[in-house]
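Student: Provided herewith is a single structure, encoded as structure tokens, for subsequent inquiry.
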């Protein structure tokens, strides 16, 4: 069934050849379309794809051949496009003898016959003064009379200040063209999903009548679809955190004589801790890898993560043993190798006492002292280790950074590859936000452990991940604030 033209928005991607139109189309569509290669005129005929549908409205995206170098010759041909001889030259002669010219004509014919709005891509890695063809190409588009949204592609790593200055330079340069209605960054390789629906929002601003309504409905639908994906990501991350909070490992149960021997020997204690650490690390690493792979697939990417969790030191463990309070106080002053004030810290809440056992694995020095301080569990009688609050906090930051990388990774970039260096401002914003919300995360961590109910943790975790990531995105992209309200 054909679509009413008033309920359809047609967007034509157009640019100089090899600037990244097909790469951006793949990113927006979340699937491989066309052909991508580092060479000129890979796309030789226009191709249309359904971008989004909602409430009877449809947005279609045309991927067109790129402009070639002989723009003066192209302008001359376009002026004679009603001439049958010109048509024959275009269809036969140019196709076989001048592929660049033929591709350019195809792009223009598509825009003229199909497009409501032109999405013109610019290579943002170069300054306006270095790419003289841009002015010629926009002059040719201006001849057609369709409104143009300019997007800066190939912007590279997202440095906010450099990006702002780059946009200002291009806006100033293109301000002489009345047909250019908007200039913004939308990189096929490093865009964020929070930016995509702005294409239709900007289209709505320059269209009128039923077309404007269609663009608004479809822009809202795109934002809603993106937020549904975000909520699924939040759920994935919350399930991961729930696992990290509830994973425990039993400590070896030893007799009194064995425990006293361990006070004087670190080797046996270390063997036990290293075995436990390896087993817990393996489980957490597998769960993290599985979660990240789910996120990669969720965001329409191919490939798998090879990122490893940061190797945990022994401070990553929290240890709990029951000790008689008076005996612990005496022991704290009697055993060499203990840091000052250990027994006082233990008695004041670092552990719960009552049961008569000696904490053989704990009382050996500053390292194991840190393990004791990292543990908080109200129920006594448990001989378990779990990840400390500090370790949990570090891993929340680790997976959140991977999520940010995934949410910026465009499909046009190819198969997912773990980031070597993320933009420094991501890390800074994330750390600041985690610091501001540390009390909330601490409360959740204290609810973890062996006796916690995983389902009681899920909603608080979802709330915190939603708050954390929504705040980070809003700070990185202030225009996305409406999305997270």
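Quick grid of which residues meet (1) exposed (fewer than 15 other Cβ atoms within 10 Å of the Cβ); (2) farther than 21 Å from residue 159 by Cα; (3) touching a helix residue (DSSP H, G or I) at 6+ places or on another chain (Cβ under 8 Å); (4) in contact (Cβ under 8 Å) with a residue 24 or more places away in the chain:
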position: 445; (1), (2), (3), (4): no, yes, yes, yes
position: 449; (1), (2), (3), (4): no, yes, yes, yes
position: 460; (1), (2), (3), (4): no, yes, yes, no
position: 470; (1), (2), (3), (4): no, no, yes, no
position: 479; (1), (2), (3), (4): yes, no, yes, yes
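Student: Let me ask something else about it. If the requirement is being within 23 Å of residue 229 (Cα to Cα) and out of contact with any helix residue (DSSP H, G or I) (no Cβ under 6 Å at 6 or more places or on another chain), which of these qualifies: 475, 485? Lay out the reasoning, then the answer.
Tutor: Numbers: 475 fails: out of contact with any helix residue (DSSP H, G or I) (no Cβ under 6 Å at 6 or more places or on another chain).
Answer to the selection: 485.
Student: Oh, and also: Quick test for you: out of 171, 191, pick the one residue that is under 17 Å from the mean Cα position of the chain (by Cα) and either assigned by TED's automatic domain parsing to the domain that holds residue 13 or buried (at least 20 other Cβ atoms within 10 Å of the Cβ) (or both).
Tutor: On the way: 171 fails: under 17 Å from the mean Cα position of the chain (by Cα).
Within the list 171, 191, the selection yields 191.
Student: Consider only pairs whose beta carbons are under 6 Å apart and that are at least six residues apart or on different chains; among these, list those whose first residue lies in segment 48-65 and is without any contact (Cβ under 8 Å) to a residue 40 or more places away in the chain and whose second residue is part of a loop (DSSP other than H, G, I, E, B).
Tutor: Pairs found: 49/33.
Results for (1) assigned to a helix (DSSP H, G or I); (2) under 41 Å from the mean Cα position of the chain (by Cα); (3) modelled with pLDDT of 60 or more, shown as yes or no for each residue.
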residue	(1), (2), (3)
19	no, yes, yes
23	yes, yes, yes
36	no, yes, no
44	no, yes, no
48	no, yes, yes
53	no, yes, yes
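Student: If you go through segment 135-166 one residue at a time, how many are over 20 Å from residue 114 (Cβ atoms), modelled with pLDDT of 85 or more and buried (at least 17 other Cβ atoms within 10 Å of the Cβ)?
Tutor: Total satisfying the criteria: 3.
The values are calculated or read from the model by the stated rules, or taken from the named source; none is laboratory data. Small disclaimer: the values here were computed from a predicted structure and weren't measured. A quick note on method: Cβ atoms are made from the backbone with ideal geometry, for glycine too, and the neighbour counts reach across all protein chains shown.
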